[in-house]
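What follows is a short report on a single structure.
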Amino acid sequence: MLTTAEQQAWAFLSQAPHLASAQEVEARFAEAIAAFGYDRFAATLVNAEHYGKEPQTLSRRDFDAWDERYWSERYVVHDPCVKLLLTSPRAFAWSDARPLGDSRAQAMWGEAADQGMNDGYVVRVFGPAGQEVLIRMSTPAPDTDPAHRAVIDSLATVFGTTMLKHWEMQDDNPDYGIISERQAECLHWASRGKTDWEIGAILELSPRTVHHHIEAAKKRLGVAKRQEAVLKAGELGLLRKF
């Protein structure tokens, strides 16, 4: 028989891909990991070439104070978690990384503990266009229960994948004028002769998502062809921002 925590985990894993909004996904994920003792989390969109730079946030709950301290103190230079991220795609606990740190890293762990973050778990999720989502979770417990690792890994993987989908589809509703900003971005690069694959590489979207945005823009602009959408958007001044 499943425990209450396992039941909550299974509910999230089965429901998350079908939830209508990123806010719902965040709320359900928070409930699911809380059952395993994790009370904070953050999901950021990163690139292996950009480790060391503050990444774009997809979701964050109660990680703000720690992230502000982490970047202001430049702990990223000494953080042994970065070493693990650069050498292996596997998930790991902060306690796995501690032995690899220097004295500055030990100071970092001490400050994290002072903020009620005694251990954490880090999971990487890779998107279809080469995106990388880093999910960090923390717990006031002294370490991560080995028996829970596989479940937490699965929860974070589904969370990261689902949040990436919502991020890709953001601005799908027009928020300035006739088409959305994301649709205008795609049309801008289409006007430069870029293919869906090339646009996806530039904007860190999947080619399928780029195609979706251009098709949506065509519908809103009342045209049937890609080039017609580019021309009409240009005539309406919708591409000037880029």
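For the stretch 1-144, carbon and sulfur atoms together expose 51% of the accessible surface, with a 1.4 angstrom probe and every protein chain in place. Other residues within the sphere of radius under 13 Å centred on the Cβ of Thr161, judged by their own Cβ, net out at -1 (K and R +1, D and E -1).
Entry note, the stretch 76-167: relative contact order of 25 percent, from Cα contacts under 8 Å with a spacing of 6+ residues.
Bridgeable aspartates and glutamates around Lys194 (alpha carbons under 20 Å apart, same-chain partners fewer than 8 residues away excluded): Glu168, Glu181, Glu185, Glu204, Glu215, Glu228, Glu235. Specify the angular offset, from 0 to 90 degrees and rounded to the nearest 10, of the alpha carbon long axis of helix 226-235 from the longest principal axis of the alpha carbons in the chain. Tilt relative to the chain: about 80 degrees. Helix 207-221 versus the longest principal axis of the chain: what angle, 0 to 90°, nearest 10, using Cα atoms? The angle comes out near 40 degrees. Averaging the sequence gap over all C-alpha pairs within less than 8 Å and six or more residues apart, then dividing by the number of residues, gives the chain a relative contact order of 18 percent. Modelled spin labels at Glu24 and Ile178, positioned 7 Å past Cα toward Cβ, are 3.2 nm from each other. Between Glu73, Glu132, Glu31, the GNM of the chain built on Cα springs shorter than 10 angstrom shows Glu73 fluctuating the most. Between Arg61, Arg192, Arg74, the GNM of the chain built on Cα springs shorter than 10 angstrom shows Arg192 fluctuating the most. Measuring r between the beta carbons of Ala34 and Gln227 and using R0 = 41 Å, the FRET efficiency lands at 0.20.
When only the Cβ of Lys, Arg, Asp and Glu is charged (+1, +1, -1, -1), the dipole of the stretch 1-131 relative to its Cα centre reaches about 360 debye.
What is the Å³ per residue value for the convex hull set by the Cα atoms of the chain? Walk me through the numbers on the way to the answer.
Details: hull volume 32.3 nm³, N = 242.
Here the figure is 133 Å³ per residue.
Compared with the dominant principal axis of the Cα atoms in the chain, helix 4-15 is inclined by about 10°. Averaged over its residues, the stretch 117-158 has an accessible area of 36 Å² per residue, based on protein heavy atoms and a 1.4 Å probe. Taking the chain as a Gaussian network of alpha-carbon nodes connected by springs under 10 Å, the highest mean-square fluctuation of the residues Glu111, Glu198, Glu228 belongs to Glu228. Charging the Cβ of each Asp and Glu at -1 and of each Lys and Arg at +1, and nothing else, the dipole of the chain about its Cα centre rounds to 980 debye. Per-residue SASA remark: Ile202, around 70 Å² accessible (1.4 Å probe; ligands, DNA and RNA not included). For a straight C-alpha distance cut-off of 15 angstrom, the aspartates and glutamates reachable from Lys83 (same-chain residues fewer than eight places away being disregarded) are Glu49, Asp96, Asp102.
Can you give me the relative contact order of the stretch 78-129 as a percent, contacts being Cα pairs under 8 Å and 6 or more apart? Spell out each step's value before the answer.
Numbers: 40 pairs, mean separation 23.5, N = 52.
Worked out over the stretch 78-129, it gives 45 percent.
Here r is the Cβ-Cβ distance between Thr195 and Asp64 and R0 is 35 Å; the resulting FRET efficiency, rounded to 0.05, is 0.35.
The values are calculated or read from the model by the stated rules, or taken from the named source; none is laboratory data. Only a predicted model underlies this, so the values are computations on that prediction, with no experimental measurement involved. Note: ideal-geometry Cβ built from the backbone for every residue, glycine included; neighbour counts use all protein chains shown. The protein model used for the area step is the full one, side chains on, heavy atoms only, and it has no ligands, DNA or RNA in it. Shrake-Rupley method; radii C 1.70, N 1.55, O 1.52, S 1.80 Å.
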